[in-house]
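Working notes for the structure below.
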Amino acid sequence: MIAQSAGDGRAAGRARPVDALVAEIGSTTTVLSAFAGLSGAGATPILVGQGVAPTSVEDGDVTVGVDAARADLEAQVGALASCVTLATSSAAGGLRMTVHGLTQRMTAMAAREAALGAGGVVEYQTAGRLRDGDLTKIVGARPNLILLAGGVEGGDYDTVLFNAARLAELPIRPIVVYGGNSAVSDEARALLERARFKVRVTANVYPGVDELDIVPARAAIHDAFEEHITQAPGMERIGAIVDGAILPTPGAVLIAAELLADVLGDLVVVDVGGATTDVHSVTDGSPEIAPLQTEPQPHSKRSVEGDLGTYVSAAHVIGMLAAGERPAAPPPALPRTPEEVAAALTLAHFAAVTAVQRHAGQLAHLYTPTGRQTVARGRDLTACRLLIGTGGALTRLPGGVATLVDARARNGGERLLPPKDARCELDRDYIFAACGALSAHFSAEAVVTLMRRSIGV
């Protein structure tokens, strides 16, 4: 547990009871949120307060930053009693992954969807048999996890076994999650374990043609991530301060989005960060577009844009802006002056709008001997009538709602964006990642109540 602070025994005796503390450990800052009213008959879930401190991974001990965030929190709300302590993390490089399947638009695509949905950053992806150059690129990607897929159930197994043998040649030993043809799962596991890999077997991510089954793989990746993160430099002690599973922060946000969509319907969550912009959508698309789809889509989808951010990626975003829109200088990580805030807002607006456009699919027109045929390619967001902004850039800078408004569809166009009358709200309490972690310990009703209060719906 996080060490009790706030002075002497008398102060501890007056400690305020709370149900949970959730630490969101980012690459630069750690946010600690305290919640009460999550359990018991007639309870009213509330956010008690939040503390913020620099993340201390690079100092060799993540608990230093977490304890500093607790000190900041208790300076605002008073001493807190011991309670359930949970964590999400995107520090220590986040969850770097490579994914490997049989065909680009089938098993490799399904493996990528599973990796992204779990909160991973896909550094490299292959389809077909691994070659020497692929092994070199895998080593260069420094993955924490490898997701190996291939073959529908009862289908091809030669390629996935060939790839398992090639992975066994690697000089590095990341955890391997096997999500391919189950007919050879034991053989693939044995082959990799003989090479001293840790292997987790999950359901086939692409069990049949046009059929995705990525939820079991997401769970296996979360388990593997927790094992990795507790061994990462600077993060070794994180297991000593938390009571539950440690989730990748983007994976926790998608869990939260899924819970909220169960109550409010199809939605999109946009998270603009300093380095990347994530877009999460929970939808099966509209009945009008469904017959036009050319490839299967998961019910819950995450995309990550590594070139869109307000700090680490600022120079790249500035380069994509029109000459008259570019700020004079990139903003710092925490903008303070009016000029810095204006620059950060410009970058956040461009990042959010561009990321939603990239996440969305579009209509395409094919010309056949029988005439023109319209098809839909990619993600259909036309049934999403709620857009939510989370993350520091959208929730702490002015103009977050206006940015989301500009991410909606306008009149005309082929892109399958949320409709122009979709409601736009902000995660004003900045708790979506925390709520994803809370959902494993408290009722969905309590967690959804917290999120609905944060977005004002």
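The values are calculated or read from the model by the stated rules, or taken from the named source; none is laboratory data. Note that this is a predicted model, so its numbers are computed, not measured. As a convention, Cβ positions derive from the backbone with ideal geometry for all residues, glycine included, and neighbour counts pool all protein chains shown.
Scanning the stretch 179-203 for residues being farther than 23 Å from His228 by Cβ and either at pLDDT below 95 or assigned to a loop (DSSP other than H, G, I, E, B) (or both) gives a total of 1. The selection criterion, being under 11 Å from the mean Cα position of the chain (by Cα) and in contact (Cβ under 8 Å) with a residue 60 or more places away in the chain, does not hold for Ala232.
You will find that of Ile175, Ile229, the residue that is modelled with pLDDT of 95 or more and buried (at least 20 other Cβ atoms within 10 Å of the Cβ) is Ile175 and no other. Among residues of the stretch 234-258 being among the charged types (D, E, K, R) and in contact with a strand residue (DSSP E or B) (Cβ under 9 Å, 6 or more places away or on another chain), the one that is surrounded by the most Cβ atoms within 10 Å (Cβ to Cβ) is Glu258. Among the residues of the stretch 23-53, those that are at pLDDT below 90, under 21 Å from Pro250 (Cβ atoms) and either in contact with a helix residue (DSSP H, G or I) (Cβ under 9 Å, 6 or more places away or on another chain) or not in a loop (DSSP other than H, G, I, E, B) (or both) comprise Gly26, Ser27, Thr29. With respect to (1) touching a Gly at 6+ places or on another chain (Cβ under 7 Å); (2) small (Gly, Ala, Ser); (3) at pLDDT below 95, the lone exception for Gly389 is condition (3).
Restricting attention to the stretch 157-178, report how many residues are assigned to a helix (DSSP H, G or I), under 14 Å from Tyr206 (Cβ atoms) and either touching a strand residue (DSSP E or B) at 6+ places or on another chain (Cβ under 8 Å) or free of Cβ contacts under 8 Å to residues at least 24 places away in the same chain (or both). Before the answer, list the steps.
At the first step, the residues of the stretch 157-178 found to be assigned to a helix (DSSP H, G or I) are 158-167.
The next check asks that each one be under 14 Å from Tyr206 (Cβ atoms); those that pass are 159-160.
Okay, now just the ones that are also either touching a strand residue (DSSP E or B) at 6+ places or on another chain (Cβ under 8 Å) or free of Cβ contacts under 8 Å to residues at least 24 places away in the same chain (or both), so 160.
The qualifying residues number 1.
Among the residues of the stretch 76-97, those identified as over 16 Å from the mean Cα position of the chain (by Cα), among the polar types (S, T, N, Q) and at pLDDT 90 or above are Gln76, Thr85.
Checked against the criteria, Ala91 does not count as without any contact (Cβ under 8 Å) to a residue 12 or more places away in the chain and out of contact with any His (no Cβ under 7 Å at 6 or more places or on another chain).
Taking residues in the stretch 395-407 that are within 21 Å of Glu340 (Cα to Cα), and partners anywhere that are of a type in the set (Phe, Trp, Tyr) and assigned to a loop (DSSP other than H, G, I, E, B), the pairs with Cβ atoms closer than 6 Å and at least 6 places apart or on different chains are Thr395/Tyr430. Against the definition (of a type in the set (Gly, Ala, Ser) and surrounded by 15 or more Cβ atoms within 10 Å (Cβ to Cβ)), how does Ala328 come out, yes or no? Taking the combined requirement at face value, the residue does not satisfy it. Between Ser82, Ser89, the distinction of being in contact with a strand residue (DSSP E or B) (Cβ under 9 Å, 6 or more places away or on another chain) and among the hydroxyl-bearing types (Ser, Thr, Tyr) belongs to Ser89 only.
Does Thr403 fit the bill of being modelled with pLDDT of 95 or more and among the polar types (S, T, N, Q)? Can you show your working first?
Values: modelled with pLDDT of 95 or more: yes; among the polar types (S, T, N, Q): yes.
Spelling it out, Thr403 is indeed modelled with pLDDT of 95 or more and among the polar types (S, T, N, Q).
Per the conditions (1) exposed (fewer than 15 other Cβ atoms within 10 Å of the Cβ); (2) modelled with pLDDT of 90 or more, the sole criterion not satisfied by Ala343 is (1). Going through (1) under 28 Å from Glu123 (Cα atoms); (2) in contact (Cβ under 8 Å) with a residue 40 or more places away in the chain one by one, Arg70 falls short only on (1).
Which of the residues that make up the stretch 94-153 are in a helix (DSSP H, G or I) and touching a residue at least 40 places away in the same chain (Cβ under 8 Å)? Within the stretch 94-153, Thr107, Ala108, Met109, Ala110, Ala111, Glu113, Ala114, Ala115, Leu116, Gly117, Ile138, Ala141 qualify. Screening Ser182 with (1) touching a helix residue (DSSP H, G or I) at 6+ places or on another chain (Cβ under 6 Å); (2) surrounded by fewer than 20 Cβ atoms within 10 Å (Cβ to Cβ); (3) polar (S, T, N, Q) gives one miss only, at (1). Going through (1) within 22 Å of the chain's Cα centre (by Cα); (2) outside any strand (DSSP E or B) one by one, Leu247 falls short only on (2).
Of all residues in the stretch 315-329, those that are more than 17 Å from Glu339 (Cβ to Cβ) have Cβ atoms under 6 Å from Cβ atoms of residues that are of a type in the set (D, E, K, R), 6 or more apart or on another chain, in His316/Asp307.
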